[in-house]
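A short worksheet on the structure shown next.
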Amino acid sequence: MASSLTHALAQDPPQDLDDLLCSNPQQQQQEIQQTEEHTSSSFPDTASSCCLDPVGRYLNGESRVERAWAHWTKLGRPKLIVAPMVDNSELPFRMLCRKYGAEAAYTPMLHSRIFTENEKYRDQEFTTCKEDRPLFVQFCANDPEILLEAARRVEPYCDYVDINLGCPQRIARRGNYGAFLMDKLPLVKSLVEKLTLNLNVPVSCKIRVFPKLEDTINYARMLEEAGCSLLAVHGRTRDEKDGKKFRADWKAIKAVKDALRIPVLANGNIRHMDDVQSCLEETGADGVLSAESLLENPALFAGFRTTEWVVGDEESNIDGKLDQADLLVEYLQLCEKYPVPWRMIRAHVHKMLGEWFRIHPHVREELNAQSILTFEFLYNIVDKLRELGLRIPLYVKETNVGTHVAGVSANGSAN
């Protein structure tokens with residue numbers, strides 16, 4: 001998280017070649033020579049693109065709740081959702097996850113001030129397409145006016161503008177946003193109210209829980225009263241940064257769901273489809289978000305699981321005829337269609353092929369030594385692993401072959 005925002009905050013031409021958009025070698029050389037040139041923005045140039053009555057204006061609490069549910073229902077009440085991940089939930093990755101069962105997705109967290117000031121940041125960090133819906137566009141912010149200006153630029157292209165109130169990293173502390181606004185609730189309320197009263201799309205928020213359940217419930221109720229139309233709750237506190245060390249508190253999420261009248265999403269402990277079912281049953285949430293597990297296995301929502309979640313239950317799981325190298329190739333093909341900075345691609349290669357690199361570390365070292373990436377080089381990495389005789393399959397439960405994987409054929413293509 002810190003690395004990408006540090007680049008953006010500098011607002012200078014990228015010094016690291018991984019910050020350049022992926023392209024063919026000739027295009028890449030042009031970018032290296034002309035880093036100041038920007039592609040034409042697809043976003044409105046001004047913050048006055050809205051002409052309809054904002055969804056939250058003049059509505060009482062009951063009407064807001066009814067409208068929140070009407071909007072969620074219109075979107076199909078998606079339950080399987082790609083969580084916001086800085087530098088990781090970009091358009092090609094979202095589209096890959098959507099192919100494999102994701103029903104909605106968040107953009108990476110966008111810095112509202114930089115988004116309003118820097119055209120290049122807007123062009124590179126937020127891209128979408130007509131198939132990329134339902135879509136949450138997430139901003140971090142601490143100034144209501146700046147947040148509104150940023151939000152107005154994206155509202156024609158999304159279904160929710162989301163406020164990041166959950167980032168626990170040090171850069172969020174320094175920047176005064178994310179989970180560190182939990183200490184400044186009047187400011188949080190003003191951010192939500194500003195968007196609610198001035199946007200045509202609903203406002204959603206993503207939070208972490210307080211150590212005390214009562215504080216969490218009061219926080220959630222305040223957000224609902226301020227106009228939040230949907231709340232995603234990460235069941236860990238601000239200090240519980242390590243998802244493997246700290247289990248998310250589903251009971252706290254259930255308490256929030258029981259206390260609110262708007263849709264509530266659960267975030268935390270979603271590693272495979274059994275977790276999805278358990279989470280929905282235990283929390284009563286209206287959907288689940290997955291982050292880290294999707295990075296390793298973008299086909300999670302289609303019922304595929306990695307070897308780690310098969311150990312001890314081998315008899316009921318079978319080879320899904322799909323592996324992470326297959327998924328990486330599909331991801332790279334999407335990147336050729338929807339260019340993104342190479343740093344994002346490099347990160348996904350390491351996540352998807354992490355287990356493969358542990359077996360053949362020399363291939364990982366070859367990747368790390370490559371300062372200028374190309375698609376040809378990355379496809380060759382996959383071929384090299386194949387030639388070494390390596391294959392680590394993704395598995396599906398034998399009883400789920402006709403359900404979770406129904407929309408995907410044996411070779412991973414959509415039916």
Subject >> Relative contact order (%) - the stretch 59-296, alpha-carbon pairs under 8 angstrom, separation at least six >> reply: 18
**OP:** Would you please give the FRET efficiency between residue 367 and residue 212, computed as 1/(1 + (r/R0)^6) with r the Cβ-Cβ distance and R0 = 45 Å, to the nearest 0.05?
**Re:** 0.50
**OP:** Could you list, in their original order, any pairs among 130/189; 99/130; 99/337; 189/251; 321/351; 251/351 whose Cα atoms are separated by more than 23 Å?
**Re:** 130/189; 189/251; 251/351
Subject >> Gyration tensor (alpha-carbon) shape descriptor, the stretch 245-344, a/c threshold 1.5 >> reply: oblate
Subject >> Rounded accessible area per residue of the stretch 307-399, 1.4 Å, Å² >> reply: 48
Original post:
Summing Lys, Arg as +1 and Asp, Glu as -1, what charge do residues with Cβ under 13 Å from the Cβ of residue 228 carry, residue 228 excluded?
Top reply: +3
**OP:** Post the alpha-carbon centroid distance, the stretch 354-377 to the stretch 271-314, in whole angstrom.
**Re:** 27
**OP:** May I ask you to order 166-173, 210-217, 336-343 by the average number of other C-beta atoms within 10 Å around their residues, highest value first?
**Re:** 166-173, 336-343, 210-217
**OP:** Return the loop-located GluC sites (Glu not before Pro) in the stretch 101-171 (DSSP other than H, G, I, E, B) with at most 12 other Cβ atoms within 10 Å of their own Cβ; answer none if there are none.
**Re:** 131
Subject >> Stretch gain in nm, segment residue 391-residue 74, where the contour uses 0.36 nm per residue and the Cα spacing is subtracted >> reply: 110.0 nm
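Any idea of the accessible area per residue across the stretch 59-296, 1.4 Å probe, to the nearest Å²? Before the final figure, lay out each step's value.
On the way: 8730 Å² over 238 residues.
Computed with neighbouring chains in place, this is 37 Å² per residue.
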Original post:
Using the Cα gyration tensor of the stretch 56-196, with a ≥ b ≥ c the square roots of its eigenvalues, what is the shape: rounded (a/c below 1.5), prolate (a/b larger than b/c) or oblate (neither)?
Top reply: oblate
**OP:** Name the shape class, rounded, prolate or oblate, that the alpha-carbon gyration tensor gives for the stretch 59-296, where a ≥ b ≥ c are the square roots of its eigenvalues, rounded holds for a/c under 1.5, and otherwise prolate holds if a/b is larger than b/c and oblate otherwise.
**Re:** rounded
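The values are calculated or read from the model by the stated rules, or taken from the named source; none is laboratory data. Bear in mind the structure is a predicted one, so any value in this text is a computation, not a measurement. Here Cβ is always computed from backbone atoms with ideal geometry, including for glycine, and neighbour counts include all displayed protein chains. Side chains are part of the model used for accessible areas, which takes the heavy atoms of the whole protein and leaves out ligands, DNA and RNA. Shrake-Rupley method; radii C 1.70, N 1.55, O 1.52, S 1.80 Å.
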